[in-house]
1. So is B:ASN21 in the same structural domain as B:ALA231 (by TED's automatic domain parsing) and under 22 Å from B:LEU198 (Cβ atoms) or not?
2. Looking at the stretch A:148-161, which of the residues that are buried (at least 16 other Cβ atoms within 10 Å of the Cβ) and of a type in the set (A, V, I, L, M) is farthest from B:GLU98 (Cα to Cα)?
3. How many of the residues in the stretch A:208-230 are open to solvent by 10 Å² or more (accessible area, probe 1.4 Å) and either facing another protein chain (nearest Cβ under 10 Å) or not polar (S, T, N, Q) (or both)?
4. Output the number of the condition that A:ILE172 fails; it satisfies all remaining conditions of (1) crowded, with 24+ Cβ neighbours inside 10 Å; (2) outside any loop (DSSP other than H, G, I, E, B).
5. Considering only residues of the stretch B:127-155 that are surrounded by fewer than 16 Cβ atoms within 10 Å (Cβ to Cβ) and not small (Gly, Ala, Ser), which is nearest to the other protein chains (Cβ to nearest Cβ)?
6. Applying the selection to the stretch B:127-153, what residues are of a type in the set (Ser, Thr, Tyr), over 16 Å from B:GLY103 (Cα atoms) and assigned to a helix (DSSP H, G or I)?
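The values are calculated or read from the model by the stated rules, or taken from the named source; none is laboratory data. Because the structure is predicted, anything quoted here is derived from the model rather than measured. Please note: Cβ atoms are built from the backbone with ideal geometry, for glycine as well, and neighbour counts cover all protein chains shown. Side chains included, ligands, DNA and RNA excluded: accessible areas come from the protein's heavy atoms. Shrake-Rupley method; radii C 1.70, N 1.55, O 1.52, S 1.80 Å.
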Amino acid sequence: MKSSISSVRRPRRQGLVWFVPLAIALALVPLFFNNYYAQQATFVCMYAALALSWNVIGGFTGYPSFSTAAFVGLGAYAGAILQNAGMPMMLAWVAATAVTALFAAVLGYAILRMKGHYFAIGSIAIVESMRLLASSWSSLTGGGEGLNLPIFPGGPDHAGRVFFYAMFVVMIVAAMMSLWLDRSRLGFGLRCVQQNEDAADMVGVNVNASKIAAFVLSALFCGTTGAISASWVSYISPPDAFSILMTLKVPVMALLGGAGTVLGPVLGALVFVLVEQTLMSRFLDYSQAMLGVIIVFLIFFLPGGLLGAGLFERLSGRLARLRRASA
Amino acid sequence: MSPLLRVEGVSRYFGGVAAVNKVSFELAPGEIVGLIGPNGAGKTTLVNLVTGVLRPSAGRVWFEGADVTAQRPWQASRRGLARTFQIVQPFPQMTVLENVAAGALFGGGAASRPEAEDVAMEFLEFVGLAPLAERSAMSLTLPSRKRLELAKSLAMRPKVLLLDEVNAGLNSAEIGAAIELIRQIAARGVTIMLIEHLMKVVFSLCDRLLVLHHGELIAQGDPRAVASDPAVVKAYLGSKYAAQEQQVGAGPVDAADPVDTPSGGGHD
């Protein structure tokens, strides 16, 4: 009986087929290319980790969160303050992750009662509040002047490689978390919440606890990423750490790859970073406007994302309709 | 036998309106009890109070001897108090199998997803939906969705099952099948309370009836006795009709041939 059921289960689009080669290719970039490419690869890993994280709350659970930058910024400040207080760099990263997770648990308890647009606005307000707090609490955060961190020894090429592999590891762990979540009891409960929150409650899903767990999982690696990038750049300031642009960019990447798919956000981050960099290097003045137009087009023509279900079916349907219209 | 579920003076106010007013009743293990009453009588509100969707303004709910008045819906379903909704509530983009597996995993305490899917398949076969297991829930017809809802609540392995108008919107052939299904569920040892407008269903299934009107329990007991109770007739058909019936001296329902009462009748 068991085998007959599992044989009729739909195969999930997990995307390991392309993820593993992509990860290997990324891992080789700093070994074969110069520091500029290593830096771009670091951005890809960083945004992939952030988009995978956002996917837990925005994709699996269906809560449109714009809190990404709040978690990244908190991780950056926590890491920087601890490192400046004498904590070893790696340990500071781990501690920053823990601080961010704790913050997300408390914050989630408060704002996950809101739904839809209200939740979205509430979550973006957190980013602004955190930025104001960071610029006002000068004794701890250095206020508007920001904080300097010790420069990583060994020269830029060496540092570039170290920080690339740090981000790479975070991305891999975030991907493993997504794969685990997809098969776990918690992940199943989150999909129930995403489909129908009242019905989820009624079948016995502890909805509030599940949503808070999802929010914490979505914050965890944002904290790590923030702390690593603070060490990498060796300087943080409130508008950089709590960046509204980042809080909008990350969900777009996840949607581009396919929200709710297991590894789609990685693909979304890769495509987004490559397109953004290409546009910036060719058309510095207009790059952001062009990016905006591309995003609008993608949302119109690829609402399910690159890995979303039914892309090919819809495209072939569109073609058939065009043919019928012209005939 | 000690009651499985005991509701003690439960009230719920919305603003100044008492949707449910000091209602008390008990369910004994193995019973099938019908909850009837005109539209707006507070039947669904009462089910919501028992399953933790709403918190009572006053009164207590006891389940297996424990005070469960303050429970949340997910706690109710884990305890063995399951319900179906009048308006079906599937997880639309999941498969039929996943829908039922969710009930088995979270409410029914299955240890893992494969085990939950085995349990789900068993109940899909029971309600006759096994061939549609891999279809998405939103592709189902209304009768199938009602069956899905039943399979989902059964997969939670309930001790008490509250069925909120599972027959609404079904044709008479489908209702016959649904009655048979409810009978089979009861035969598995599940205590059932069903909200129902169709007297055919009530009379063929229920051991006992509760009648709710304006939030108050106006009658309870043997179905035939309740159906000829003047207070019940008045609630359904108005005081003028009840007075006429009193003079003629016969109940409105012929005991030999139970008919479908006007299901929308809520007039005084």
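1. No; evaluated as a whole, the condition is false for this residue.
2. A:LEU149
3. Summing the residues that are open to solvent by 10 Å² or more (accessible area, probe 1.4 Å) and either facing another protein chain (nearest Cβ under 10 Å) or not polar (S, T, N, Q) (or both) in the stretch A:208-230 gives 9.
4. Evaluating A:ILE172 over (1) crowded, with 24+ Cβ neighbours inside 10 Å; (2) outside any loop (DSSP other than H, G, I, E, B) leaves (1) as the failure.
5. Out of the qualifying residues, it is B:GLU134.
6. B:SER139, B:SER144
A quick yes/no check of all residues on (1) farther than 26 Å from A:GLN195 by Cα; (2) at pLDDT below 90:
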position	(1), (2)
A:THR42	yes, no
A:PRO88	yes, no
A:LEU107	no, no
A:ALA120	no, no
A:SER138	yes, yes
A:GLU145	yes, yes
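So that you can scan it fast, the table gives a plain yes or no per residue for (1) touching a Lys or Arg at 6+ places or on another chain (Cβ under 9 Å); (2) touching a residue at least 40 places away in the same chain (Cβ under 8 Å); (3) part of a helix (DSSP H, G or I):
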position: A:TYR37; (1), (2), (3): no, no, yes
position: A:PHE43; (1), (2), (3): no, yes, yes
position: A:LEU50; (1), (2), (3): yes, yes, yes
position: A:VAL56; (1), (2), (3): no, yes, yes
position: A:GLY59; (1), (2), (3): no, yes, yes
position: A:MET87; (1), (2), (3): no, no, no
